[in-house]
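See below for the structure under consideration.
The values are calculated or read from the model by the stated rules, or taken from the named source; none is laboratory data. Predicted, not measured: the structure shown is a model, and the values here were computed from it. Here the Cβ is made from the backbone with ideal geometry for all residues, glycine too, and neighbour counts use every protein chain on show.
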């Protein structure tokens, strides 16, 4: 805050300069067991997946959309710095990720979480991990918790684009 004004959060695509901060935030939460760590090299390779929220020029929240198939994406690496928790930034980030998923044409977005009620408020439903084989076989199988995973899977079914809905509802000639 400066001069009594509250700084407005700016959600944007992550840039190269953000990688050290993204890595630092991920390391803090990985140390608590809340998410999997990611190497700097991995972050550079997946930089286009990431969004950041800046307040007064400081990155205070991060999140990523990882795409598994033409149908499914995942909210990953969702972190809000401790100083900025409970200010709606997690919700803002997930909404941005959902908007990106819609723009790309995905039909489903999932997350593995320890806080399913957060996602439920955004329209996600709890599902069995076995309903998400794309995630299980691509990422989970590499996790040290693979055989005793305690995260909860949540899934959001995205509405079809209006053009697709109209096309599929149009009567066929007989």
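Residue check: is residue 81 within 27 Å of residue 12 (Cβ to Cβ) and either at pLDDT below 90 or over 15 Å from the mean Cα position of the chain (by Cα) (or both)? Don't jump to the end; show me each part of the working.
On the way: within 27 Å of residue 12 (Cβ to Cβ): yes; either at pLDDT below 90 or over 15 Å from the mean Cα position of the chain (by Cα) (or both): yes.
Answer is yes for this residue.
Considering each residue of the stretch 52-78, count those that are within 24 Å of residue 33 (Cβ to Cβ) and under 10 Å from the mean Cα position of the chain (by Cα), and give that number.
Selection size over the stretch 52-78: 10.
Got at least one residue in the stretch 140-152 being modelled with pLDDT of 85 or more and under 15 Å from the mean Cα position of the chain (by Cα)?
So in the stretch 140-152, the residues modelled with pLDDT of 85 or more come out as 152.
If we keep only those that are under 15 Å from the mean Cα position of the chain (by Cα) too, we end up with 152.
Looking through the stretch 140-152, at least one residue is modelled with pLDDT of 85 or more and under 15 Å from the mean Cα position of the chain (by Cα).
Can you list the helices (runs of 4 or more DSSP H) found entirely within the stretch 35-141 that contain at least 2 residues being surrounded by 14 or more Cβ atoms within 10 Å (Cβ to Cβ) and in contact (Cβ under 8 Å) with a residue 24 or more places away in the chain?
On the way: elements: 40-45, 89-104, 116-120, 133-138.
It comes to 89-104, 116-120, 133-138.
Given the condition modelled with pLDDT of 95 or more and closer than 23 Å to residue 159 by Cβ, answer yes or no: does some residue in the stretch 6-13 qualify?
Residues of the stretch 6-13 that are modelled with pLDDT of 95 or more, as a first pass: 11-13.
The next check asks that each one be closer than 23 Å to residue 159 by Cβ; those that pass are 11.
Within the stretch 6-13, one or more residues are modelled with pLDDT of 95 or more and closer than 23 Å to residue 159 by Cβ.
If residue 129 meets every condition in (1) at pLDDT below 55; (2) within 18 Å of the chain's Cα centre (by Cα) apart from one, which number is that one?
(1)
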